[in-house]
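Presented below is the structure to which this report refers.
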């Protein structure tokens, strides 16, 4: 018998997974300074299309702004 968890389907706009990735690449950020910057990643459940966005920090404002940018890429509109 098939596992019910294997039969889950998602309609467009139902759900997306959002996470942070920290690549090992150093990015120049100023006068002779380099940092590892976070990449915010969003994956819509219906398509599994990976959408990345480099953000300047893990602070709340940067995370929320990054999420809005990624959601806008999916066609979401601000209310």
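Each reported figure results from applying straightforward, stated rules to the coordinates on display, with no laboratory input. Keep in mind that this is a model prediction, so the values were computed, not measured. Here Cβ is always computed from backbone atoms with ideal geometry, including for glycine, and neighbour counts include all displayed protein chains.
Below are the figures for this structure:
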{"quantity": "Alpha carbon Rg of segment 16-57, scaled by the compact-globule rule 2.2 N^0.38 Å", "calculated": "1.40"}
{"quantity": "Neighbour-count ranking [beta-carbon atoms within 10 angstrom, fewest first] of 11, 24", "calculated": "24, 11"}
{"quantity": "Over segment 16-57, relative contact order from alpha-carbon pairs under 8 Å, at least 6 apart, %", "calculated": "37"}
{"quantity": "Distance in nm between pseudo-label sites at residue 45 and residue 74 (7 Å out along the Cβ direction from Cα)", "calculated": "1.0"}
